[in-house]
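Shown next, in structure tokens, is the structure this report addresses.
The values are calculated or read from the model by the stated rules, or taken from the named source; none is laboratory data. This one's a predicted model, so the numbers in the text were calculated from it and none came from an experiment. Note that we place each Cβ from the backbone using ideal geometry, even for glycine, and neighbour counts take in every protein chain shown. For the accessible areas, the whole protein counts, side chains as well, though only heavy atoms, and no ligand, DNA or RNA atoms are used. Shrake-Rupley method; radii C 1.70, N 1.55, O 1.52, S 1.80 Å.
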Amino acid sequence: MTFFMDKLIVVTFVLLFVIIVKLILVNKSRDKSHRLKMIHLKKMMKTLIQKQKILQQKTNIIATYQIQHKTDMKKLSDEIFELQKRIFESLSNK
């Protein structure tokens, strides 16, 4: 009976040892995979930040252009109005 119990305990320890080794190997594999994914994520973040900066610069250029265009169109409209006013005044004086 004690021989059987000793054998059972040894087999149990061996199985536990095998399970522990397998878990350690799986953990290392997942850890490596996680590190690689984190490196990839950091690269993607850098790329996105660079693209965001470029987009911000383009947005600033567009906003500046729109403001300038609006100002120029207002000036042009004022000049046209002033010219029309002068034309009507000159025609009404004749």
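Quick look at the values:
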read-out: Distant alpha-carbon pairs in the chain (separation over 22 angstrom), percent; value: 72
read-out: Heavy-atom surface of region 1-83, accessible at 1.4 Å and reported per residue (Å²); value: 102
read-out: Magnitude of the charge dipole, the chain, Cβ model with Lys/Arg +1 and Asp/Glu -1, debye to 20; value: 420
read-out: Lys32 paired with Gln68, simple spin-label distance in nm, labels 7 Å along Cα-to-beta-carbon; value: 5.6
read-out: Acute angle (nearest 10 degrees) that the helix 2-93 long axis makes with the longest principal axis of the chain, alpha-carbon atoms; value: 0
read-out: All lysines inside 27 Å of Lys22 as judged from Cα atoms, apart from same-chain residues fewer than 8 positions distant; value: Lys7, Lys32, Lys37
read-out: Reachable aspartates and glutamates, given that their alpha-carbon falls under 19 Å from the alpha-carbon of Lys74 and they are not under 8 places away in the same chain; value: Glu82
read-out: Percent of C-alpha pairs per 5 Å bin, region 15-69, short to long; value: 4, 16, 10, 11, 9, 8, 9, 6, 7, 5, 5, 4, 3, 2, 1, 1
read-out: Met1-Lys22 FRET efficiency (beta carbon distance; Förster radius 41 Å; 0.05 resolution); value: 0.85
